[in-house]
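Inspection log for the structure reproduced underneath, given as structure tokens.
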Amino acid sequence: MSGSARSLAKGSAPPGPVPEGLIRVYSMRFCPYAQRTLLVLTAKGIRHEIININLKSKPEWFFKKNPFGLVPVLENSQGQLIYESAITCEYLDDVYPGKKLLPDDPYEKARQKMVFELFSKVPSLVTSLLRKQNEEDCSGQKEELRKEISKLEEVLTNKKTTFFGGNSLSMIDYLIWPWFERMEILELNDCVDHTPKLQLWMAAMRKDPAVSALLMEPKALRGFLNLYLQNSPE
Amino acid sequence: MEDATRSFGKGSLPPGPVPDGLIRVYSMRFCPYAHRTRLVLRAKGIRHEVVNINLRNKPEWYYTKHPFGQIPVLENSKCQLIYESVIACEYLDDAYPGRKLYPYDPYERARQKMLLELFYKVPHLTKECLVALRCGRECADLKLALRQEFCNLEEILGYQNTIFFGGDCISMIDYLFWPWFERLDVYGIADCLNHTPALRLWTAAMKQDPTVCALLIDKNIFLGFLNLYFQNNPDAFDYGLAC
């Protein structure tokens, strides 16, 4: 179950089939998209194994798992493959029993998906700010990010609840969390300084067992980003 | 056709609340995204009313239905609003009984959603081709890119060895793709299917589907709309209506 296993790279042998009773996720320790899937696996208590992929030096066999060569990918013991992080999360919620993360009510489910759309510009903005960490001029992008984040603040204000799906944590919260975790670590906190409800939400999220179990070590993330931005496959 | 009604423009009065037992879709007769939602409404036999919006001259009240004034939007009798065409289609499939358009099996459902990802460049490319042709510009590169996307879809059909994208019966994913394929001819780019026989078979099979048939847009009316639309005429949206 270790998420800290060394990643598999070009030239590595493909892993064998997934044992019964287990589901496998192809992941990468610092990938926010894969973190979504790990959050759902953890929150639902699903027995799983993690295979980390070296995204700068991908094994050839990985393209048979996902033609796009991206993580996360789920593989079950029937050899079925599911990719695209949001699709993997919904699949897990459908297949596995226990706590349902998506609401049963069709309108509430649609509402979560509409909020997800509202969030859609945030990942690329955070990524481009990450890349510009050492450069001066990111004020334009920070403004854009603040704008997108205000839309989310508005949702919480209108709903008058702690979380995006109501008073308990649900799927939409897990889907957007990884980027907020990174904003804190990477000192983009000033992007949430006009959004008090979001700050409360972030604090509440940190108390969630699944979120806290998967919190990244800030030094590890920063170290990774330094190497990643220098194009080192390590 | 249920949607053969005059569009609402600036200065129009908002329609009242949606009566019980009915669902309303804010639409436009020629919009491919709204077409998806109308296909699902029809396929599931859902009682609905259509309110067409003049997209070049949007009513002020429409921004209370959608923050950016886009279509389609569903509104039910509880005043709940659902937008984004794919979200609206899924909502209808979940909320209404009868024929399920998405498969029951979670893996098959995930598969359809993965297929939708494969399709994402098609709407933009078809629109760009249309605009280029209408503005008298060359679009060989765009057509090449579109053909490539079609090849990807062709590969799926070949690999699956099924008529439709979800298997041997029509299902949600086919309806989500269809509107852009219906428009290839009227946009002047039907030759983009020249090298994809399975895709051509699929379009032929789609045209036999009662739901697709019922909503097929008359070619001449569509051309009339396009002519006015590209002249920036706000009356474009009501072209071909009886009175």
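Bear in mind that the values in this text are calculations on the coordinates, not laboratory data. Being a predicted model, the structure only gives us computed values, none of them experimental. Using ideal geometry, Cβ is built from the backbone for each residue, glycine included, and neighbour counts are taken over all protein chains shown.
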For a label point 7 Å along the Cα-to-beta-carbon line of B:ARG200, residues of segment B:139-162 with backbone N under 17 Å: B:147-148, B:150-155, B:157-158
Inter-probe distance in nm under a simple model that places probes 7 Å from Cα toward Cβ, at A:TRP61 and A:ARG206: 4.1
Nonlocal amide H pairs with A:ILE23, under 5 Å, H built at 1.01 Å: A:HIS48, A:GLU49
Extent along principal axes [Cα atoms of segment A:1-102; Å; largest to smallest]: 39, 27, 24
Percent of beta bridges antiparallel (DSSP, the protein assembly as shown, rounded to nearest 5): 55
FRET efficiency for A:GLU143 and A:ASN189, using Cβ-Cβ distance with R0 set to 22 Å, rounded to 0.05: 0.90
GluC sites (Glu not before Pro) within segment A:1-63: DSSP coil, no more than 16 neighbouring Cβ in 10 Å: A:GLU20, A:GLU60
Nearest-0.05 FRET efficiency for A:ALA220 and B:TYR107, computed from C-beta distance (R0 45 Å): 0.85
Efficiency of FRET between B:ASP191 and B:ASP235 - r from beta-carbon atoms, R0 41 angstrom, step 0.05: 0.85
Approximate spin-label separation A:GLU117-B:LEU13, in nm, with each point projected 7 Å along Cα-to-Cβ: 3.0
Under the span-like rule (Cα at least 27 Å along the axis, Kyte-Doolittle mean at least -0.5), DSSP H helices of chain B: B:140-160
With at most 14 neighbouring Cβ atoms within 10 Å, loop chymotrypsin sites (Phe, Trp or Tyr not before Pro) (DSSP) excluded, longest segment of chain B: B:121-243
Residues of segment B:23-66 with amide N under 20 Å of the 7 Å Cα→Cβ point at B:ARG6: B:25-30, B:49-62
Loop GluC sites (Glu not before Pro), segment B:57-110, which have at most 13 other Cβ atoms in a 10 Å radius of their Cβ (DSSP): none
Contact order normalised by residue count of segment A:106-213, Cα under 8 Å, 6+ apart, percent: 29
Cα centroid separation, segment A:117-163 to segment B:85-157 (Å): 28
